[in-house]
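Asks: Pasting a structure below so you can have a look.
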Amino acid sequence: MIKATEALSSVEPPAGQRWWLEPSVWIMLFLGFSAGIPILLIFSSLSLWLAEAGVSRSAVTFFSWAALGYSFKFVWAPLVDRLPIPVLSRLLGRRRSWLLLSQFSIIASILLMANTDPQDSLTAVAIAAVLLGFSSATQDVVIDAFRIESAEPRLQAMLSSTYVAGYRTAMIVAGAGAIYLAQYFGSTTDHYSYDAWRLAYSCMAGAMLIGVATTFSISEPMQSRDRAYSAATSDYAKFFLVFCASILGFVAVFLITPDAPKWFDGGVQGVFGFTYGSGVLAIALAAAFFVAKASLRLNLVDRDMVNQGYVEPIQDFFARYGKLAIWVLLLVGFYRVSDIVMGVITNVFYHDLGYSKAEIASVTKVFGVVMTITGSFLGGILALRYGVMRILMLGAVLVAFTNLAFVWLAYQQPLIEYLAGVIVIDNLSQGIAIAAFIAWLSSLTNVSFTATQYAIFSSVMTLFPKLIAGFSGTLVDVMGYPNFFLLASAMGIPVIVLIYVLKDKLKLSTENAPSV
């Protein structure tokens, strides 16, 4: 049995300072760009679009749930890991075929959003946003597996840094770029223009062609090439059909369940809505599980294939980490809660303070992203020098305390210098934390179950924070911005304690970590 301490301490620095000569490091720059385009088209850019269209603030933040596909991607990750795509898998390989399929799905979803006016059909925009979240989450599953399989553990810290750099560069394009374009084409706070946003989102669909070109240019990872598809075509088809039936059972629960009744007012209604929604979600998951279980009992799907796709990756993780597995999952699930909860509402916050759309785009979506990229490279280099776990702790402390700067900003006049100062410290902290966190998650993964295990980790990472983030608008309405930011900062304190406990339990002190 592989010891947990061995797995977690396997992230070692590359020899000398020549990590930048490795092709895999720079491939991740472009794949990171492809992964970063969709996210802001669901979050902040969409938030501004909806706000200009006259959608209420609480409804705007509810749209963050469209990205819950990122939190449930572990459900279909085994399909991505083991299901061949007709023709494409034979021509491109296991990873590249799914990468191309997901990228074309992203382009189609963005174009669907672009061609839907939220003033005419908010439901249609929501459906398109959900499809975009699903397609983007699928691409993430493939890219994560590609990253882990394309380089040895000693390079993962730098692969995560260049991935974050590409990801955040794309966020400039999809954040500031979409906002600038919408304003250039004629949509402003005082004058809403659907055509302007349609053209802006169409341009974002075009930006995804960089990811498509990258997919055609790279080679299949060696570890993926060595894994053959072992089952018969009919077994794969049944596996896919049972999965689709389970998803239909999940969706059916939401279609037949009425909306939460309006029994309360204000924050109490928000808490009730959260509880009601969580209950519906639990019932939907139970329905999907029931369909899958019934299919197994009726021998509609190969049991070995289900075990290999879903059961063995989980068993492997708990076998390697034993009693420590719960501690590890707690850290995975809560590490990014503070910044994710804040991220949905910050653009609306800047808007409410009186900053113009151009100022928001320039400072937060360009200058801020440059700071995040700088922080990610700094985090990767520090992780190589001092060890991943120490920088994980540093990132958690920085993120929790730099969030307090937003409390200060809430009481200031809308001066661009104030906004820039807050963005510098906040985004540098996020860059350091994210680079260390991705490297740490990669070290948890067994290469025999790369896509599924990493999808589970990243799903756990975002599920709870995104559920809370959907209520951020309601919380701000009830408690105001300063108290909300204090609450978001306080959410980081348990994470700091958890890292300290894990550091001792997993014996991850890095006294012997080699220097860069």
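Values in this text are rule-based calculations from the coordinates and carry no lab data. No experiment lies behind these values; they were computed from the predicted model shown. For neighbour counting, all protein chains shown are included, and Cβ atoms are generated from backbone atoms with ideal geometry for every residue, glycine included.
Asks: Taking K and R as +1 and D and E as -1, what net charge do the other residues with C-beta under 9 Å from the C-beta of P84 add up to? Each step should come with its number before you reach the end.
Replies: Numbers: positive: R82, R90, R94; negative: none.
Taking every Cβ under 9 Å from that of P84, the sum is +3.
Asks: Sort K503, K323 so that the residue with the fewest other Cβ atoms within 10 Å of its own Cβ comes first and the one with the most comes last. List each step's numbers first, then the result.
Replies: Working: K503 17, K323 9.
By the 10 Å Cβ count, ascending: K323, K503.
Asks: Here's another thing I want to ask about it. Cα convex hull of the stretch 95-183: mean projected area in nm², to one decimal? Display every interim value, and only then the final one.
Replies: Details: hull surface 25.9 nm².
Taking a quarter of the hull surface, the average projection is 6.5 nm².
Asks: With a point put 7 Å past each Cα toward its Cβ, work out how far W327 is from M479 in nm, to one decimal.
Replies: Spacing of the two 7 Å Cα→Cβ label points: 3.0 nm.
Asks: May I pose another question? Taking the beta-carbon count within 10 Å as an exposure proxy, list T374, T162, T275, T116 from fewest neighbours to most.
Replies: Numbers: T374 17, T162 27, T275 11, T116 21.
Final ranking by Cβ density, sparse to dense: T275, T374, T116, T162.
Asks: Spin-label point model (7 Å from Cα, Cβ direction): what's the L241 to L300 distance in nm?
Replies: Here the modelled spin labels are 0.9 nm apart.
Asks: Moving to a separate point now. In which sequence would R90, R96, R385 go, from the one with the fewest C-beta neighbours within 10 Å to the one with the most?
Replies: Details: R90 11, R96 23, R385 16.
The most exposed by this proxy come first: R90, R385, R96.
Asks: Continuing with the same structure: Multiplying the sequence separation of I496 and H191 by 0.36 nm and subtracting their Cα-Cα distance, what value in nm do you get? Don't skip to the answer; put the middle values down first.
Replies: Working: separation 305, 0.36 × 305 = 109.80 nm, distance 4.53 nm.
Gain on extension, I496 to H191, equals 105.3 nm.
Asks: Answer rounded, prolate or oblate for the stretch 419-473, using the Cα gyration tensor with square roots of eigenvalues a ≥ b ≥ c: rounded when a/c is under 1.5, else prolate when a/b is larger than b/c, else oblate. Write out the running numbers ahead of the final one.
Replies: Details: a/c = 5.10, a/b = 1.53, b/c = 3.34.
It comes out oblate by the Cα gyration axes.
Asks: Kindly rank 390-397, 433-440, 189-196 from highest to lowest mean number of other beta carbons found within 10 Å of each residue.
Replies: Values: 390-397: 23.0, 433-440: 28.0, 189-196: 14.0.
Highest mean packing first, the order is 433-440, 390-397, 189-196.
Asks: Now, a different point. Please give the FRET efficiency for R90 paired with E152, using the beta carbon to beta carbon distance and R0 = 30 Å, rounded to the nearest 0.05. Walk me through the numbers before you get to the answer.
Replies: Working: r = 28 Å, r/R0 = 0.93.
After rounding, the FRET efficiency stands at 0.60.
Asks: Now for a different question. Find the eigenvalues of the gyration tensor of the Cα atoms of the stretch 346-486, then list the square roots of 5 times those eigenvalues as equivalent ellipsoid semi-axes, largest first, in whole angstrom. Write down the numbers at each step before the final one.
Replies: Working: eigenvalues 181, 71, 34 Å².
Over the Cα atoms of the stretch 346-486, the ellipsoid semi-axes are 30, 19, 13 Å.
Asks: Let me know the charge dipole size of the stretch 300-423 about its Cα centre in debye, to the nearest 20, where only the beta-carbon of Lys, Arg (+1) and Asp, Glu (-1) is charged.
Replies: Working: 8 positive and 8 negative charges, 63 e Å.
Around 300 debye, computed over the stretch 300-423.
Asks: Still on this structure: Please go through the residue pairs K357/K466; K293/K323; K293/K503; K238/K323; K238/K505 and name each one whose alpha carbons sit more than 32 Å apart in this structure. Show your work: numbers first, answer last.
Replies: Working: K357/K466 25 Å; K293/K323 28 Å; K293/K503 39 Å; K238/K323 36 Å; K238/K505 43 Å.
The pairs that break the limit, which is 32 Å between Cα atoms, are K293/K503; K238/K323; K238/K505.
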